[in-house]
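Remarks on the structure that follows.
The values are calculated or read from the model by the stated rules, or taken from the named source; none is laboratory data. What you are looking at is a predicted structure, and each value in this text was computed from that prediction instead of being measured. Cβ placement follows ideal geometry from the backbone for every residue including glycine, while neighbour counts extend to all protein chains displayed.
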């Protein structure tokens, strides 16, 4: 999906990769979201049963529908944070970031809490 913006005879195309990157960076800025730098921590645990290894997957999907983007993002919430509050903050941050940086309306931000990251206990 590419979003094309026409302005005074010129055009600007915003790739899906840019939209997903904006969403991912916005989510990593929220306290309680597990991240490594500006990348979300997320794994596809289903692949582990076949390969013996946990394989990374893309945590963000963006779909353009009727000139607005719908985002689905999977996050891992850190132990000690209320998952509902973290998810709501991610929704607000992702929507604001895409609208401000790309100038594209956001119709919906779906947040899937894929896991809880437990803190390591001191033995």
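Across region 3-22, the number of residues qualifying as at pLDDT 60 or above, farther than 19 Å from residue 93 by Cβ and part of a strand (DSSP E or B) comes to 6. Of the set (1) closer than 18 Å to residue 18 by Cα; (2) surrounded by 15 or more Cβ atoms within 10 Å (Cβ to Cβ); (3) within 13 Å of the chain's Cα centre (by Cα); (4) modelled with pLDDT under 95, all apply to residue 64 but (3). Does at least one position in region 47-55 carry a residue that is part of a loop (DSSP other than H, G, I, E, B), modelled with pLDDT of 75 or more and closer than 20 Å to residue 117 by Cβ? No, region 47-55 contains no residue that is part of a loop (DSSP other than H, G, I, E, B), modelled with pLDDT of 75 or more and closer than 20 Å to residue 117 by Cβ. Restricting the first residue to region 89-104 and requiring it to be farther than 17 Å from residue 75 by Cβ, which pairs with a second residue that is modelled with pLDDT under 95 and surrounded by 15 or more Cβ atoms within 10 Å (Cβ to Cβ) meet a Cβ separation below 6 Å and a spacing of at least six or different chains? Close Cβ pairs satisfying both conditions: 102/14; 104/3.
Just one of (1) surrounded by 13 or more Cβ atoms within 10 Å (Cβ to Cβ); (2) modelled with pLDDT under 90; (3) closer than 19 Å to residue 96 by Cα fails for residue 38. It is (1).
If I ask for residues that are surrounded by 15 or more Cβ atoms within 10 Å (Cβ to Cβ), out of contact with any helix residue (DSSP H, G or I) (no Cβ under 9 Å at 6 or more places or on another chain) and at pLDDT 95 or above, which ones from region 69-88 would you list? Passing the criteria: 70, 72, 81, 86, 87.
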